[in-house]
1. For region 21-62, how many residues meet the condition of being of a type outside the set (Gly, Ala, Ser) and in contact with a Ser or Thr (Cβ under 6 Å, 6 or more places away or on another chain)?
2. Of all residues in region 41-52, how many are within 19 Å of ILE17 (Cα to Cα) and among the acidic types (Asp, Glu)?
3. I'd like the full set of residues that are among the charged types (D, E, K, R) and farther than 30 Å from SER62 by Cα, limited to region 36-52.
4. Tally the residues that are touching an Asp or Glu at 6+ places or on another chain (Cβ under 9 Å) and of a type in the set (D, E, K, R), restricting the search to region 8-56.
5. If the Cβ limit is 6 Å and pairs must be 6+ apart or interchain, which residue in region 20-31 that is in contact (Cβ under 8 Å) with a residue 12 or more places away in the chain pairs with which residue that is among the acidic types (Asp, Glu) and not in a helix (DSSP H, G or I)?
6. Filter the helices (runs of 4 or more DSSP H) completely within the chain down to those with at least 1 residues that are modelled with pLDDT of 70 or more and surrounded by 10 or more Cβ atoms within 10 Å (Cβ to Cβ).
Amino acid sequence: MTDWVLDVFAGSSLRQIMLVHDVDNPASCRVAEKAGYPFRALSPANPPRWSEDGHIHMRQASAEHRCVSHSDKFIAEVDDHT
């Protein structure tokens, strides 16, 4: 899903996707890591918006996602199959 979002919005200002979960939720931490979102930082509690400390996991767009527009990628895929 993340690759699709980064592909669709390639060339836009979307540079990263952030996932945040409570520190006391190790299952969410494992899911984030397995989904390609490495741990980046600890987010301290900020009541009333965020009542518990959290983990920030972040996946950044690669150079390919940032530079290739959706239409250019489609053309490249068509050219590869001829």
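1. Qualifying residue count for the region: 3.
2. Here the count works out to 0.
3. Here is the first cut: in region 36-52, the ones among the charged types (D, E, K, R) are 40, 49, 52.
Hits for region 36-52 are ARG49, GLU52.
4. The total comes to 4.
5. Pairs found: ASP22/GLU52; VAL23/ASP53.
6. Per the criteria, 2-8, 26-34.
The values are calculated or read from the model by the stated rules, or taken from the named source; none is laboratory data. Note that the structure is predicted; figures quoted are calculated from it, not measured. For neighbour counting, all protein chains shown are included, and Cβ atoms are generated from backbone atoms with ideal geometry for every residue, glycine included.
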